[in-house]
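Beneath this line is the structure, given in structure tokens, with notes to follow.
The values are calculated or read from the model by the stated rules, or taken from the named source; none is laboratory data. Small disclaimer: the values here were computed from a predicted structure and weren't measured. Counting neighbours? That spans all protein chains shown, and the Cβs are built from the backbone with ideal geometry, glycine included.
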Amino acid sequence: MLKIDNLQVSVADKPILKGLSLDVPAGEVHAVMGPNGAGKSTLGYTLAGRNGYEVTAGSAFLNGEDLLALEPNERAAKGLFLSFQYPLEIPGVPALTFVRTALNAQRKARGEGEVSAPEFLKLVKQKAKDLRIDFDMLKRPLNVGFSGGEKKRMEVLQMALLEPKLLILDETDSGLDIDALRIVSEGVNALRAPDRSMLVITHYQRLLDYIRPDKVHVLAAGRIVASGGPELALELERTGYDRYAAEAA
């Protein structure tokens with residue numbers, strides 16, 4: 001589903017990704033772990049098409065389509081969703097309005113009909129209940145005054161409604177207590193499907209206790225330097241990244 005080959009990316013003329021290759025088949029969950037500054041968030045932002053991330057070489061394909069040739073909104077319509085480490089607050093825009101606008105914009109881009117207001121309300125009420133989101137919270141400006149857990153549950157709600165093909169979770173566990181982490185992880189796990197893949201970016205193994213990956217990759221100095229099963233995350237928890245960082249240098 002996601003195929004990255006020799007991806008090289010610079011930010012403000014500084015090379016960050018230095019030949020990263022990665023293959024995430026449909027239906028699989030892959031975790032990317034690594035030390036600060038390794039390029040983990042750069043990978044997510046580059047795939048999503050964020051400004052300021054200059055691809056200098058390599059390729060990235062989603063279901064056979066060249067991601068790097070698409071605008072960010074086109075990538076989203078093709079099924080890519082990036083969950084931010086720190087979700088943005090948007091004063092003046094009710095959460096319900098934001099999500100319905102995003103959903104219908106993507107449907108329009110795919111040539112599908114819009115979801116009516118009654119249909120949308122029925123759908124969002126059920127999804128919010130599953131994620132233990134107070135419906136009144138959705139009437140407030142997006143993420144304004146939300147706790148860390150509420151912001152992350154809001155993002156999982158968006159995932160559940162938009163039904164993307166590729167989920168990129170950028171340190172979803174950041175700022176969550178144990179209860180919030182469990183609820184968010186349950187929401188993410190409910191989205192696992194044979195035609196959907198996930199790329200979980202994290203520093204710590206604890207998230208992978210809840211979102212069980214099929215494969216774990218170590219990113220150091222801008223490249224994938226090791227890959228393995230879930231046991232690799234346990235090894236990293238015990239020994240740290242020093243050995244891999246030294247090998248990548």
ASN73 vs (1) part of a strand (DSSP E or B); (2) more than 15 Å from HIS217 (Cβ to Cβ): all pass except (1)
* Is it the case that the range 114-123 has a residue that's within 21 Å of TYR45 (Cβ to Cβ) and in contact with a helix residue (DSSP H, G or I) (Cβ under 6 Å, 6 or more places away or on another chain)? -> no
Of the residues in the range 157-177, those that are part of a helix (DSSP H, G or I) and touching a Lys or Arg at 6+ places or on another chain (Cβ under 9 Å) come to LEU157, ALA160, LEU161
Counting only residues in the range 113-136 that are at pLDDT below 90 and of a type in the set (Asp, Glu), the one nearest to the chain's Cα centre (by Cα) is identified as ASP130
Scanning the range 195-232 residue by residue, those among the charged types (D, E, K, R) and free of Cβ contacts under 8 Å to residues at least 24 places away in the same chain turn out to be ASP209, GLU231
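Per-residue answers, yes or no, for (1) free of Cβ contacts under 8 Å to residues at least 40 places away in the same chain; (2) over 15 Å from the mean Cα position of the chain (by Cα); (3) surrounded by 14 or more Cβ atoms within 10 Å (Cβ to Cβ); (4) assigned to a loop (DSSP other than H, G, I, E, B):
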position: ALA31; (1), (2), (3), (4): no, no, yes, no
position: LEU43; (1), (2), (3), (4): no, no, yes, no
position: GLU54; (1), (2), (3), (4): no, yes, yes, no
position: ALA60; (1), (2), (3), (4): no, yes, yes, no
position: GLN85; (1), (2), (3), (4): no, no, yes, yes
position: LEU88; (1), (2), (3), (4): no, no, no, yes
Flag for THR42 being of a type in the set (Val, Ile, Thr) and under 30 Å from ALA117 (Cβ atoms):
no
